[in-house]
Amino acid sequence: MSQIRLPLLASLRMLCIAASLLVSAAHADEYADVSQLVRSGKLQEALTKVDQYLGAKPRDPQMRFLKGVIQRDSGKTTDAIATFTRLTEDFPELPEPYNNLAVLYAGQSQFDKARTALEMAIRTNPSYATAHENLGDVYAKLASQAYNKALQLDAGNSGVPPKLALIRELFSPTGAKAQRPATLPAAPPPAAAPVAAKPVPSLPGPVVSKGPAPVSATATASSIPASAPAAPASATTPTKAPVTASVPSAVTNSAKDAEAAVHAWAQAWSAKDVKSYLASYGKDFNPPGSQSRSSWEEERRQRISSKSKISVKLENLKVTVSGNTATAKFRQDYKANGLAVSSRKTLDLVKHGDRWQIVKESTGT
Amino acid sequence: MKFGWWTADPRRAAVSALLLVLAWGSNSNAFSATNKRAAKDKTQRQVAPVVNDTDGVAEARLIEVYKLIGQANNREALKKADLLVADFPSFQLAQLVHGDLLAAQIRPIKAFGDVPDDVARTASGALAELREESHRRVRALRERPLKGTVPSQFLALSQKSKHAIAVDASRSRLYLFENGASGMNLVADYYISVGKAGTAKTAEGDQRTPLGVYYITSNLDPKSLKDFYGSGALPISYPNILDSKRGKTGSGIWLHGTPPAQFSRPPQATDGCVVLANPDLQRIIRTVEVKTTPVVIATHLNWVAPQSTRAESKPFEDALNGWRNAKTSGNLQQVLTYYTPDFNSNGKNLAQWTPNLKTELDQTQGRTIQLKDLSYLRWTDATDTMVVTFGEVADGTRVGWTKRQYWIRQENQWKIFFEGVI
């Protein structure tokens with residue numbers, strides 16, 4: 001079992017803690033009462049009781065721990081952080097305050113701080129299972145943040161912080177009381193399994209799960225009557241299900257619409273119709289480099305309107321549609337002011353309502 | 001009851017997988033130059049806590065992380081990566097490695113940049129670019145030029161050029177030289193990005209970086225530049241005389257920095273410029289001189305010992321001396337044999353330019369012509385050319401011209417197709 005070990009070290013600090021724990025054991029009733037109040041949602045009452053108790057015994061770790069939990073439950077995150085931080089300072093040997101500190105930091109998306117706190121919790125007690133699970137979640141979150149920064153993906157759509165497990169009680173007074181004969185109050189404080197209060201942390205899930213990922217194939221399949229029962233296949237087929245003759249007409253229509261959108265884009269460009277040209281790009285279009293949308297638009301406007309004549313012709317246009325996303329690949333023959341450039345181009349489109357809009361533009365294959 | 005978490009620790013497996021993937025980051029003393037730099041930076045760091053401005057540091061620290069991973073020391077690697085991304089949050093490659101090291105705490109890492117599948121799909125291009133950037137950085141650091149060698153283009157570089165720059169596009173690397181009494185000495189080299197469509201620029205808008213021998217023409221005030229250009233810009237002399245002769249178009253090829261959100265850019269990312277990380281560019285801006293610093297841009301640099309080129313450059317030196325002697329003799333017809341029929345000097349053809357030549361000969365009146373501070377850089381592609389710079393002074397006179405000539409080898413004869421005063 002995971003136990004909060006208090007090894008018999010002869011350090012003063014340890015003795016001091018042991019002493020306070022022994023006292024705590026004698027006040028198991030008070031802890032039980034407070035816990036009961038917290039469980040039934042009477043947070044204000046619980047807090048009053050805790051403060052009363054702490055008035056007499058300001059150092060008591062168990063009661064201070066409960067206070068932190070109450071503050072957190074009442075939405076006073078900053079106060080809760082302060083309470084748990086002070087606990088880690090006064091009792092650096094206890095892993096639980098670190099764990100809860102990490103939970104609070106993670107809730108504020110401060111994953112670096114959460115990580116440090118959890119690593120401290122584990123250093124304090126290497127077999128502390130909750131901290132390990134929590135730390136796993138935090139590592140996952142940090143890794144995906146790092147990947148997003150590496151790939152310059154919009155971190156804005158991955159803002160769901162992982163749900164970490166908060167330890168509700170430093171020791172389990174109710175359980176202890178029930179199991180322990182009253183005659184043994186001097187026994188070392190029991191067990192303190194944090195297990196009791198440990199909801200399984202729910203994994204945060206892959207970061208960009210909101211992205212227009214491969215769902216599409218299934219989505220179209222389900223919106224199309226019986227004829228396409230290939231649900232399991234869609235799971236294994238990669239994103240770009242090629243548009244073949246067997247695909248239901250809804251998809252072919254989609255492909256036609258997307259193709260039309262690409263042609264309209266090229267036409268607007270050729271006609272130097274900047275407004276329509278820019279309107280071909282969706283809200284979520286990522287300008288190249290790290291330009292802002294507005295500076296990109298300004299640059300495009302300038303580039304296009306400064307040319308006396310522009311011709312954009314598309315060859316070998318191939319559009320692949322899957323659900324609400326489409327990819328158009330073609331050779332682009334661009335001519336303007338005596339310059340002629342022929343290049344491969346790929347446009348990624350997304351369907352918003354009944355409009356196909358460009359979300360990504362890349363040259364090369 | 002015993003806890004099983006340690007033995008079942010997924011991190012164990014993860015470490016070895018990551019090791020495999022990054023094994024190329026591990027071996028030998030290939031990084032010794034970088035290490036030295038890193039070590040030096042550490043000592044500097046104690047003095048000045050701001051390290052972000054020192055050139056080459058970010059890469060040296062990244063390589064340190066690679067080496068730790070190579071030594072299976074993931075714990076230390078993660079610590080160093082934590083600090084690296086804290087100091088350089090927009091260094092995407094560092095973020096990617098940091099992501100791998102964090103992910104390795106909870107799952108096996110199967111590839112360098114082992115991002116979740118959905119992310120890999122959304123950002124496959126960016127991921128491939130970062131892997132390529134990593135590959136090129138490591139390769140350039142592993143395959144170092146031999147000490148004492150220089151790129152083969154630099155046949156002679158006078159003391160007027162205190163510095164020189166050479167770019168190897170295939171390695172995504174810029175080499176910075178100091179030119180002293182003992183010749184050219186490599187002092188630093190940096191990762192760079194070139195055009196989206198690669199090199200060999202021919203036309204405006206083709207998103208290619210030019211290849212050839214150029215000079216830095218100016219140093220633009222960073223305050224006048226958009227964020228996009230980073231900490232400054234050094235325009236180079238594209239199109240040069242040879243480029244113009246070949247009808248190449250375009251302009252505004254600069255060495256410049258990176259925008260705030262991107263510490264470095266992918267190997268092929270620019271509209272034709274050569275882009276460096278801001279601290280690296282700043283070091284170059286602080287170091288080099290405008291006008292006299294040559295910038296050679298090649299697909300592959302060929303490194304040679306300076307003495308080894310003597311024999312090869314003899315025919316050219318003979319031709320140059322022949323031209324000098326002809327000028328000393330004052331014989332116009334003899335001098336004219338050194339010029340190509342399609343000679344052009346800033347718009348004047350040979351017939352139009354001959355009077356200028358005659359005036360010069362009248363002025364020197366048979367006095368011996370001296371060529372001072374002679375530089376010649378060879379550029380060989382479909383043709384074999386020489387970019388020559390010197391001070392032309394007649395004996396007994398105090399001043400002369402600083403001239404630039406372009407020579408071309410035709411049927412084993414070196415001839416001048418451009419001459420101008422700079």
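Values in this text are rule-based calculations from the coordinates and carry no lab data. Quantities reported herein were computed from a predicted structural model and do not represent experimental measurements. Positions of Cβ are backbone-derived with ideal geometry, glycine not excepted, and every protein chain shown enters the neighbour counts.
Extension gain, residue B:226 to residue B:374, is 49.5 nm, computed as 0.36 nm per intervening residue step minus the present C-alpha separation. So what is the relative contact order for the stretch B:277-374, in percent, with contacts set as C-alpha pairs under 8 Å and at least six apart? Reported relative contact order: 27 percent.
Among rounded, prolate and oblate, which fits the stretch A:84-134 when a ≥ b ≥ c are the square roots of the eigenvalues of its C-alpha gyration tensor, a/c under 1.5 means rounded, and a/b larger than b/c means prolate? It comes out oblate by the Cα gyration axes. Sparsely packed loop sites in the stretch B:341-419 (the GluC sites (Glu not before Pro) outside DSSP H, G, I, E and B with at most 10 other Cβ atoms within 10 Å) comprise B:411.
Seen from residue B:269, the other residues with C-beta closer than 13 Å to its C-beta sum to a net charge of 0, counting Lys and Arg as +1 and Asp and Glu as -1. When +1 charges are put on Lys and Arg Cβ atoms and -1 charges on Asp and Glu Cβ atoms, the dipole computed for chain B relative to its Cα centre reaches about 720 debye. Summarising the amide proton neighbourhood of residue B:380: residues at separation of 5 or more, or on other chains, whose placed amide H is nearer than 5 Å comprise B:385.
About the centre of its Cα atoms, the stretch B:197-347 shows a dipole size close to 160 debye [charges on the beta carbon of Lys, Arg (+1) and Asp, Glu (-1) only; nearest 20 debye]. Under the simplified labelling scheme, the residue B:333-residue A:127 pair shows an inter-label distance of 10.7 nm, with each label point 7 Å from Cα along Cα→Cβ.
Note on residue B:384 and residue B:204: the model spin-label points, each 7 Å out from Cα along the C-beta direction, lie 3.6 nm apart. Exceedance of the 24 Å cut-off in Cα-Cα distance is limited, within the set A:275/A:313; B:358/B:403; A:76/B:79; B:80/B:147; A:256/A:335; B:80/B:226, to A:76/B:79; B:80/B:147; A:256/A:335; B:80/B:226. Between residue A:355 and residue B:131, the FRET efficiency from the beta-carbon distance, with R0 = 56 Å, is close to 0.95. Take each residue in B:105-114, count the other chain C-beta atoms within 10 Å of its C-beta, and the mean is 3. Using a 10 angstrom Cβ neighbour count of at most 15 plus a DSSP loop assignment to flag exposed chymotrypsin sites (Phe, Trp or Tyr not before Pro), which longest range of chain B is free of such sites? Maximal segment without exposed cleavage sites: B:7-422. Taking amide hydrogens as placed 1.01 Å from N in the peptide plane, the amide H of residue B:231 sits under 5 Å from those of B:257, B:258, each at least 5 positions away in sequence or on another chain. The packing ranking, built from the mean of other Cβ atoms within 10 Å per residue, places the peptides A:113-126, B:267-280 in the order B:267-280, A:113-126, highest first.
Shown in residue order for the stretch A:90-103 are the 3J(HN,Hα) couplings computed by the Karplus curve 6.51 cos²θ - 1.76 cosθ + 1.60 at θ = phi - 60°: 7, 10, x, 7, 8, x, 4, x, 4, 4, 5, 4, 4, 4 Hz (x for Gly and Pro). For chain B, a/c is not less than 1.5, where a ≥ b ≥ c are the root eigenvalues of the C-alpha gyration tensor, and a/b tops b/c. That puts it in the prolate class. Taking the charge dipole of chain B about its Cα centre, with +1 at Lys and Arg Cβ atoms and -1 at Asp and Glu Cβ atoms, the residue from B:306, B:104, B:126 reaching farthest to the positive side is B:104.
For the stretch B:175-233, what does the alpha-carbon gyration tensor say about shape, rounded, prolate or oblate, given a ≥ b ≥ c as the root eigenvalues, a/c under 1.5 as rounded, and a/b over b/c as prolate? Because a/c hits 1.5 or more and a/b fails to exceed b/c, the stretch B:175-233 counts as oblate. Net charge in the neighbourhood of residue B:76 (other residues with Cβ under 12 Å of its Cβ; Lys, Arg +1, Asp, Glu -1) is +2. Across the stretch B:181-193, computed HN-Hα scalar couplings (Karplus, 6.51 cos²θ - 1.76 cosθ + 1.60, θ = phi - 60°) run 4, 8, x, 7, 9, 5, 10, 6, 8, 9, 5, 9, 10 Hz from first to last residue, x flagging Gly and Pro. This model, with +1 at the C-beta of Lys and Arg and -1 at the C-beta of Asp and Glu, gives the stretch B:350-422 a dipole about its Cα centre of some 120 debye. For the peptide B:371-384, the mean number of other protein chain Cβ atoms found within 10 angstrom of a residue's Cβ is 0.
For chain B, the longest principal axis of the C-alpha atoms and the axis of helix B:57-70 are separated by about 50°.
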